[in-house]
Amino acid sequence: MEPVKVGLLGLGTVGGGTVNVLQRNAEEISRRAGRGIVVTHAAARDLNKPRICSTDGITITANPQEVVDDPEVAIVIELIGGDTLALDLVMRAIENGKHVVTANKALIAKHGNKIFEAAQAKGVMVAFE
């Protein structure tokens, strides 16, 4: 079975850590989920910044719209913070039929109803921690 392709919005400390966890635990994640989960696309403000993770096989762009518009990406993980650009990107991802994961408390607190309503209408899930 094909792996689930994930796009990251943010490839700093948290984004890099997310990539590391997914890569380090790939076998166990695959066993539990029934298929692999791989990061294939990521947005970062500074393309030349050294990363704390391997970026082999990951297309990195400075344009986060490319991640949410990538037809191969099934899940978008929002790691940029704030509630303006993050809201725009999350709503676009939902409109594109992608599931969304975020730990952005400000985004959920200010716009959660709108986000969950859009996700329900589109038949996708929004997960947050």
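The values are calculated or read from the model by the stated rules, or taken from the named source; none is laboratory data. Values in this document were obtained by computation on a predicted structure and should not be read as measured data. Heads up, the Cβs are rebuilt from the backbone with ideal geometry, glycines too, and the neighbour counts pull from every protein chain shown. For the accessible areas, the whole protein counts, side chains as well, though only heavy atoms, and no ligand, DNA or RNA atoms are used. Shrake-Rupley method; radii C 1.70, N 1.55, O 1.52, S 1.80 Å.
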Legend entry - Those strands (runs of 3 or more DSSP E) lying entirely in the stretch 1-101 with at least 3 residues over 22 Å from Phe116 (Cβ atoms): 37-43, 59-61
Legend entry - Residue that is farthest from Asn104 (Cα to Cα), among those in the stretch 26-43 that are at pLDDT 95 or above and not β-branched (Val, Ile, Thr): His41
Legend entry - Condition met for Ala109 (touching a helix residue (DSSP H, G or I) at 6+ places or on another chain (Cβ under 7 Å) and either part of a helix (DSSP H, G or I) or under 26 Å from Met1 (Cβ atoms) (or both)): no
Inset, instruction - Name the one entry in Lys98, Lys114 that is among the basic types (Lys, Arg) and within 11 Å of the chain's Cα centre (by Cα). - result: Lys98
Legend entry - Given (1) touching a Cys at 6+ places or on another chain (Cβ under 9 Å); (2) open to solvent by less than 80 Å² (accessible area, probe 1.4 Å); (3) not aromatic (Phe, Trp, Tyr), index of the condition Val4 fails: (1)
Legend entry - Which listed residue is touching a residue at least 24 places away in the same chain (Cβ under 8 Å), surrounded by fewer than 18 Cβ atoms within 10 Å (Cβ to Cβ) and in contact with a strand residue (DSSP E or B) (Cβ under 6 Å, 6 or more places away or on another chain), from Ile60, Ile75, Ile52: Ile60
